[in-house]
1. Please verify whether the stretch 53-69 includes one or more residues that are more than 20 Å from the chain's Cα centre (by Cα), exposed (fewer than 15 other Cβ atoms within 10 Å of the Cβ) and within 18 Å of Met115 (Cα to Cα).
2. Of everything in the stretch 110-142, what is among the basic types (Lys, Arg) and in a loop (DSSP other than H, G, I, E, B)? Give them in sequence order.
3. Please enumerate the residues belonging to the stretch 32-69 that are closer than 17 Å to Gly165 by Cα and assigned to a helix (DSSP H, G or I).
4. Any idea which residue in the stretch 70-90 is surrounded by the fewest Cβ atoms within 10 Å (Cβ to Cβ), counting only those that are outside any strand (DSSP E or B) and among the aliphatic types (A, V, I, L, M)?
5. Filter the stretch 30-47 for residues that are surrounded by 18 or more Cβ atoms within 10 Å (Cβ to Cβ) and over 17 Å from Ile360 (Cα atoms) and give the result.
6. Has the stretch 236-253 got at least one residue that is closer than 26 Å to Phe45 by Cβ and not aromatic (Phe, Trp, Tyr)?
7. Do you know which residues across the stretch 91-108 are without any contact (Cβ under 8 Å) to a residue 60 or more places away in the chain and either assigned to a loop (DSSP other than H, G, I, E, B) or buried (at least 17 other Cβ atoms within 10 Å of the Cβ) (or both)?
Amino acid sequence: MRAAVLFHYKEPLKIEDIEIDDPKENEVMVQITATGMCHSDVNVFVGATPVPPPVVAGHEISGIVKKVGPGVTRVKPGDKVISAFIHPCGKCRNCISGHENLCETFSSVRLKGTMFDGTTRLKLKDGTPVRTFLGGGFAEYAIVHENALTVVPQDTNLERVAVLGCAGITGYGAVDSAKIEPGETVAVIGVGGVGLSVIQLLKASGAGRIIALGTKKWKLEKAMELGATDVINTKETDPVKALKEMTGGGPDVVIEAGGTQETVQMAIESVRIGGRVVLIGLPPVSAQIPLRIAMIVRNGITIIGNYGGRPRVDMPKLLELVKTGKYDPSKLVTGRFKLEEINDAIKLLEEGEAIRSLIIP
């Protein structure tokens with residue numbers, strides 16, 4: 001099969017013919033229809049998320065089940081599916097206690113780029129193993145654990161729902177963990193695919209004022225289209241001062257989707273006394289962000305880290321929101337690219353000129 005392979009950090013991907021093994025126990029082979037391009041993939045390409053190359057990234061996957069391995073019960077060949085970026089084992093303590101988004105087994109192999117057994121299903125023609133990042137969707141086929149998959153109706157447009165696998169389920173997890181009360185004021189820092197998903201889901205949850213913060217005018221306009229009531233361009237004004245003045249002391253909740261030192265500090269310093277900060281942006285794994293601990297303590301600020309929703313529990317709910325028109329993932333897609341055009345899609349995302357691009361093998 002063809003795949004976009006990263007051989008060295010900070011170098012363009014190469015389209016290679018590689019071999020794919022059959023799925024093993026509880027694994028599924030998916031024929032890819034579309035995969036969204038996310039900043040987390042770019043972090044792999046530049047080495048900020050250091051999955052060892054050669055590696056195939058891509059984790060917002062939609063496609064059709066081609067083969068199933070032994071023990072698979074949740075899907076069958078021919079099913080249309082979407083794959084979440086989280087692959088729960090279903091057996092560890094967190095999985096069985098209702099926290100499968102924090103699966104301990106998946107966490108242990110996530111940055112190694114392997115399946116649960118420590119091996120890979122992809123290899124170059126010379127036999128060199130090829131790793132995958134959260135699914136390996138920038139290819140014609142992918143092998144994923146069955147628990148990552150959700151079956152969708154046969155009449156579903158798979159390109160439309162591909163981005164549910166990360167942007168959608170990450171936004172769902174953020175809003176769910178924030179425990180939004182009706183009418184609360186919420187600020188969302190970052191208006192990429194995840195931030196714009198959060199805004200749509202906040203509107204669906206009954207939030208009051210929704211304030212979007214970002215640096216690109218056209219993305220802030222998109223935020224208003226999708227449910228934001230106010231916007232702040234952080235390049236044009238002091239965002240902390242502006243938020244405090246607009247809300248009379250700060251938002252009840254700030255959801256941080258930027259994943260930088262600047263945006264994390266912005267979130268903590270702008271939330272009201274007694275407020276909640278939900279961190280969902282992923283900085284490089286080596287990043288260390290200084291915090292004003294005394295201010296956090298004195299102001300009674302709650303800081304919540306959230307790593308997405310639960311694929312088997314929350315993805316069906318998210319699909320219901322799509323069905324009822326309360327969340328539209330297609331609004332996030334700003335371009336379609338063939339597999340051999342993937343480096344063009346990466347460049348657009350790095351330059352801030354894309355929200356989500358679909359890679360179509």
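The values are calculated or read from the model by the stated rules, or taken from the named source; none is laboratory data. For clarity, every value in this text was computed on a predicted model and none was experimentally measured. Virtual Cβ from ideal backbone geometry, glycine too; neighbours counted across all protein chains shown.
1. Within the stretch 53-69, not a single residue is more than 20 Å from the chain's Cα centre (by Cα), exposed (fewer than 15 other Cβ atoms within 10 Å of the Cβ) and within 18 Å of Met115 (Cα to Cα).
2. Those that are among the basic types (Lys, Arg) and in a loop (DSSP other than H, G, I, E, B): Arg110, Lys112, Arg121, Lys125.
3. Correct list: His39, Ser40, Asp41, Val42.
4. Val75
5. His39, Ser40, Asn43, Val44, Phe45
6. Among the residues of the stretch 236-253, not one is closer than 26 Å to Phe45 by Cβ and not aromatic (Phe, Trp, Tyr), which makes the answer no.
7. Passing the criteria: Lys91, Cys92, Asn94, Cys95, Ser97, Cys103, Thr105, Phe106.
Matching residues to (1) under 28 Å from Ala4 (Cα atoms); (2) of a type in the set (Gly, Ala, Ser); (3) touching a strand residue (DSSP E or B) at 6+ places or on another chain (Cβ under 7 Å):
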residue	(1), (2), (3)
Ser286	yes, yes, no
Met315	yes, no, yes
Glu320	no, no, no
Leu332	yes, no, yes
Gly352	yes, yes, no
